[in-house]
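Structure, as structure tokens:
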Amino acid sequence: MISSGPPNINFIVDDMEDEWAFPEQQKFDFIHARFLALGIKDFPRLLKQCYNNTVPGGWVEFQDWDLNMYSQDGSTNGTSIEQYYNIGIRAYEKTGHIVSPGPSLEQWFQEAGFTEIHVHKYLLPMGPWPKEEHLKSLGMWNLLQASTGFEASALAVLTRYENWNPSDVAHLAERAKLDARDRNIHALFDFYVVYGRRPL
């Protein structure tokens, strides 16, 4: 346990996929998780642990992606960014991690026992192409966070699971970044916010 920080906060460094070992009297009113795509192998088990560690009447909220990138106008077809996501998803699936948890969250919440489940699905653009200012802002933030990690996110999985060499991964990542900045390529993702309540 890390004790630095405000007096009413404790930071615990642990593997959330291991069995949770909180004492019975330390159940939570609210559990929040965001962007666990590519990092969790068993979301249903994780949500059951959230359920078991939430007080009756407490809430759990997950926010996560469908990493299957697409465009409504076909402008991503045959692009490097499409290749980057398609081959990256295939490689990550070989690791056993769940790549696109967003579309399945509602079902997993139900299976865990939550009620009053709310599902909100948002379109999240990649890059500066949207005309509407709010979507343009989201697209730019998405581009910023993605472009700083294109190569880092792909290097290990493509070299280990798809037999790419590092220079080819770097080249694909650079081409994908260029596509993400291209206003004529209208890349989109679906992003989900799902929350539910443990019954009283």
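Values in this text are rule-based calculations from the coordinates and carry no lab data. Quantities reported herein were computed from a predicted structural model and do not represent experimental measurements. Positions of Cβ are generated from backbone atoms using ideal geometry, with glycine treated the same way; all protein chains shown enter the neighbour counts.
Among the residues of the range 75-105, those identified as among the hydroxyl-bearing types (Ser, Thr, Tyr), under 21 Å from Gly127 (Cα atoms), part of a loop (DSSP other than H, G, I, E, B) and over 12 Å from the mean Cα position of the chain (by Cα) are Ser75, Thr76, Thr79.
If you go through the range 125-150 and keep only what is in contact with a Leu (Cβ under 9 Å, 6 or more places away or on another chain), surrounded by fewer than 19 Cβ atoms within 10 Å (Cβ to Cβ) and outside any loop (DSSP other than H, G, I, E, B), you end up with Leu135, Leu138. Checking Arg183, Arg160 one by one, the residue that is in a loop (DSSP other than H, G, I, E, B) and exposed (fewer than 14 other Cβ atoms within 10 Å of the Cβ) is Arg183 and no other.
Anything in the range 58-74 that is within 19 Å of the chain's Cα centre (by Cα), surrounded by 18 or more Cβ atoms within 10 Å (Cβ to Cβ) and farther than 26 Å from Ile185 by Cα? List them, or say none. Val60, Phe62, listed by residue number. Of all positions in the range 51-58, none carries a residue that is assigned to a strand (DSSP E or B), in contact (Cβ under 8 Å) with a residue 12 or more places away in the chain and under 30 Å from His171 (Cβ atoms). Examine the range 155-169 for a residue that is among the aliphatic types (A, V, I, L, M), within 19 Å of Tyr85 (Cα to Cα) and in contact with a Phe, Trp or Tyr (Cβ under 7 Å, 6 or more places away or on another chain), and state whether such a residue exists. Looking for residues that are among the aliphatic types (A, V, I, L, M), within 19 Å of Tyr85 (Cα to Cα) and in contact with a Phe, Trp or Tyr (Cβ under 7 Å, 6 or more places away or on another chain), one finds at least one in the range 155-169, hence yes. Please determine, by comparing only the residues of the range 161-181 that are in contact (Cβ under 8 Å) with a residue 40 or more places away in the chain and out of contact with any Gly (no Cβ under 7 Å at 6 or more places or on another chain), which one is nearest to Asn53 (Cα to Cα). Of everything passing the filter in the range 161-181, Tyr161 is nearest to Asn53 (Cα to Cα).
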